[in-house]
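Structure record follows, encoded as structure tokens.
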Amino acid sequence: NAGVTQTPKFRVLKTGQSMTLLCAQDMNHEYMYWYRQDPGMGLRLIHYSVGEGTTAKGEVPDGYNVSRLKKQNFLLGLESAAPSQTSVYFCASSYSIQSVRYNEQFFGPGTRLTVL
Amino acid sequence: SQQGEEDPQALSIQEGENATMNCSYKTSINNLQWYRQNSGRGLVHLILIRSNEREKHSGRLRVTLDTSKKSSSLLITASRAADTASYFCASLGNDMRFGAGTRLTVKP
């Protein structure tokens, strides 16, 4: 199993450009998440999904959109990139036991995004 | 705002010594998890402790949880150079909140 994969690994954008980050998991997990990690701030949740076709806002959703058309994929979109969105983006997935969310999360390797 | 805060921000020890990292959180939680991150890599889950548990062990890891003080600690015994990494606590209340992490360096 590949676990959680993310593409691309690196990307440089100019202010105002758009892009989509792709996350894929092959563990049949119901839950998927997008985080951003900035120096000295740990991880902050952007958006998450509790199942195919459903998404919800996290702690820092502004400037991002997501879609979960297939159970195994979770896409993060930046419609008009800003320098403040320069960060490392991590995708994660998790299963559910007895409807308890946020059990052990499995993380992808990250995407390093720079917005000039 | 972040839910958890780790203490210390950085810790440097010799191989074979024990490493203790602390985490504080702000609201009631369902569980608290510890993760490890090697430089430039994703996070790896280490251990989960539920709100009704006070202590948990996994190999060289020992986690304690004090819900009255809203704090947790992670102890790594007999540290190895390969334990060098950043360690994050993540508390689950209404959602998951990560702390800023402790950067652990184990010198051979």
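The values are calculated or read from the model by the stated rules, or taken from the named source; none is laboratory data. In this text the structure is predicted, and so the values were computed from the model without any measurement. Here the Cβ is made from the backbone with ideal geometry for all residues, glycine too, and neighbour counts use every protein chain on show. Ligands, DNA and RNA are excluded from the accessible area calculation, which covers all protein heavy atoms including side chains. Shrake-Rupley method; radii C 1.70, N 1.55, O 1.52, S 1.80 Å.
If you filter the range B:49-65 down to residues that are assigned to a strand (DSSP E or B) and open to solvent by 20 Å² or more (accessible area, probe 1.4 Å), you find that the one that is modelled with the lowest pLDDT is B:Arg50. Among the residues making up the range B:21-48, those that are polar (S, T, N, Q) and either touching a helix residue (DSSP H, G or I) at 6+ places or on another chain (Cβ under 8 Å) or in a strand (DSSP E or B) (or both) are B:Asn22, B:Ser24, B:Asn31, B:Gln33, B:Gln37.
Residue selection: A:Arg112 fails the criterion of being open to solvent by less than 70 Å² (accessible area, probe 1.4 Å), modelled with pLDDT of 90 or more, within 14 Å of chain B (Cβ to nearest Cβ) and part of a strand (DSSP E or B).
Contact annotation: residue pairs with Cβ atoms under 6 Å, 6 or more positions apart or on different chains, pairing a residue in the range B:1-29 that is basic (Lys, Arg) with a partner that is open to solvent by less than 50 Å² (accessible area, probe 1.4 Å) and modelled with pLDDT under 95, are B:Lys26/B:Gln3. Looking at the range A:42-53, is at least one residue surrounded by fewer than 21 Cβ atoms within 10 Å (Cβ to Cβ), aliphatic (A, V, I, L, M) and not in a strand (DSSP E or B)? The answer is no; no qualifying residue exists.
Among the residues making up the range B:1-20, a single one is in a strand (DSSP E or B), open to solvent by less than 40 Å² (accessible area, probe 1.4 Å) and within 13 Å of chain A (Cβ to nearest Cβ): B:Glu6. Among the residues making up the range A:56-88, those that are modelled with pLDDT of 95 or more and assigned to a strand (DSSP E or B) are A:Asn65, A:Val66, A:Ser67, A:Asn73, A:Phe74, A:Leu75, A:Leu76, A:Gly77, A:Leu78, A:Ser87, A:Val88. The condition of being within 14 Å of another protein chain (Cβ to nearest Cβ) and exposed (fewer than 12 other Cβ atoms within 10 Å of the Cβ) holds for only one of B:Ser68, B:Ser39, that being B:Ser39.
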